[in-house]
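Before any comments, here is the structure.
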Amino acid sequence: MFRAKQRRTALAVAAGFAAIVLAPTTCSGDGLAGGIWGNYAYPFSAEDPGWGEVGDGALVIYWDRVWDTGSAAWTTSAEARFGPGGFTDPKNNFTGAYATVHKAWVAWSPDDRFRLTLGKSQVPFGWKTYNFWPGDLHLAAYGDQMDLGLKLSGEAGSLGYDLAWFIADDFGSRSTDTVDDNAHWGSSRTYRKVDTAVAQFRWRPTEALSFGLAHQAGKLEDLTGASPRPTDGDHHASVAFLEYEADLWFARLSLIDADRQLPAVTGGLGPAPRSAGSRRAAFEIGRTIGRWTLYLDATAARPERVDTPGDDATGKTVTAWAPGARFDYGPGWLYIEALFQDGDFDRDGRIVEGDFEALYISADIYF
């Protein structure tokens with residue numbers, strides 16, 4: 001166990017330095033860039049919403065470079081966020097503040113059909129929503145996943161594949177911070193996701209249409225006691241999906257089956273070993289009209305194989321949907337979105353009931 005921890009720590013350090021510090025001599029790309037965003041929220045379901053609330057501001061710093069050595073192309077990409085609107089949790093990230101790294105990776109590509117990526121990068125599992133929030137909805141834990149590890153991506157004709165091994169959610173030994181898809185993989189006081197293998201295969205019969213299958217399985221590390229930490233929990237999930245994108249239209253559909261066996265949590269932080277599973281369906285459709293893009297995200301989820309006392313939504317299907325519009329005003333975008341849901345997912349992957357309705361107006365600017 002100690003050696004496994006050492007390997008994970010060494011890979012985390014190597015990934016961080018490789019993705020952020022590595023500096024090419026002959027390169028192209030945007031280099032250093034930044035952005036600022038903020039949000040207005042009006043909760044319709046609140047007893048006294050008043051005039052709503054303005055907040056969730058964040059400063060975002062980007063670094064992107066591509067350079068060619070003659071025999072291969074190298075790419076680096078990193079994104080750091082600062083502020084309460086950065087979708088990070090100080091109690092569960094590696095900084096202890098409203099500051100985090102959303103991604104930080106370096107990739108090697110000998111040609112256009114093969115890439116090896118090291119660092120904190122996108123977990124290949126289905127599709128990403130047009131706007132991660134509130135669009136992720138009941139994709140919770142399987143939406144915009146950004147984990148730390150090694151990923152091989154390639155194409156062979158109309159077939160595409162991704163094979164990956166992720167050592168943890170994030171930098172640090174106790175962080176469970178997946179940033180955009182946060183608060184769905186334990187906490188710094190309970191457990192975190194580790195040693196996750198992912199395989200995804202995609203078939204593209206036409207330029208506009210693709211079908212895919214993906215599976216991920218890994219361990220859950222108990223963070224409640226002293227080292228060595230047991231990894232007696234596990235998780236696995238599968239997804240079948242399709243995507244269509246042509247002209248001004250796009251549409252996506254996915255079916256997800258997820259299961260989680262929680263660690264034997266000690267120290268009075270939870271009951272005996274528990275399991276929680278769910279089956280989910282997600283759909284997205286959108287169209288671009290000039291500088292506007294209109295879209296709709298809808299999801300439904302039903303608990304399966306639940307062994308958790310007090311699960312209010314056991315056996316019940318919950319739904320969530322979010323219509324939205326994005327306007328391209330030049331240096332940034334304006335988002336107008338609504339959220340309607342009668343349930344949600346907690347940190348243990350359990351479905352809990354709860355009605356919530358809100359209007360969001362967000363704006364960002366990049367420089």
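Throughout, read-outs are computed from the coordinates displayed, never taken from laboratory work. Keep in mind that this is a model prediction, so the values were computed, not measured. Cβ coordinates were reconstructed from backbone atoms using ideal geometry, including for glycine residues, and neighbour counts include every protein chain displayed.
Things to note:
- On full extension, the segment bounded by Val352 and Ile289 gains 19.0 nm, given 0.36 nm per residue less the C-alpha separation.
- Extension gain from Trp249 to Ala199, taking 0.36 nm per residue of separation minus the Cα-Cα distance: 15.2 nm
- Among Lys120, Lys128, Lys151, the ranking by other beta carbons within 10 Å of each residue's beta carbon, starting with the fewest, stands as Lys128, Lys151, Lys120.
- With neighbour counts taken as other beta-carbon atoms within 10 Å, the residues Ser278, Ser210, Ser227 rank, fewest first, as Ser227, Ser210, Ser278.
- Signed unit charges on C-beta, dipole axis of the chain, positive-most listed residue Ala156, Pro323, Pro134: Ala156
- Evaluated at q = 0.21 Å⁻¹, a Debye calculation over the C-alpha positions of the range 86-215 (equal weights, vacuum) places log10 I(q)/I(0) at -1.26.
- Dividing the convex hull volume of the alpha-carbon atoms in the chain by its residue count gives 145 Å³ per residue.
- Stretchable slack from Asp64 to Ala33, in nm (0.36 nm times residue separation minus alpha-carbon distance): 10.3 nm
- Pairs of Lys in the chain closer than 16 Å at Cα, counting only those 8 or more apart or on different chains: 8
- In this Cβ point-charge picture (+1 for Lys and Arg, -1 for Asp and Glu), the chain has a dipole of about 1280 debye about its Cα centre.
- Relative contact order of the chain, defined on C-alpha pairs under 8 angstrom at six or more residues apart (%): 14 percent
- DSSP-defined beta bridges in the chain - what % are antiparallel, rounded to 5: 100 percent
- Each of Ile361 and Leu163 was given a label point 7 Å from its Cα along the Cα-to-Cβ line. The distance between the two points is 5.1 nm.
- Fewest-first ordering of Arg113, Arg280 by other beta carbons within 10 Å of each residue's beta carbon gives Arg113, Arg280.
- In this simple spin-label approximation, Thr206 and Asp111 carry label points 7 Å from Cα along the Cα→Cβ vector, and these lie 2.8 nm apart.
- With an a/c value of 1.5 or above and a/b not larger than b/c for the gyration tensor axes a ≥ b ≥ c computed over the alpha-carbon atoms, the range 115-189 is described as oblate.
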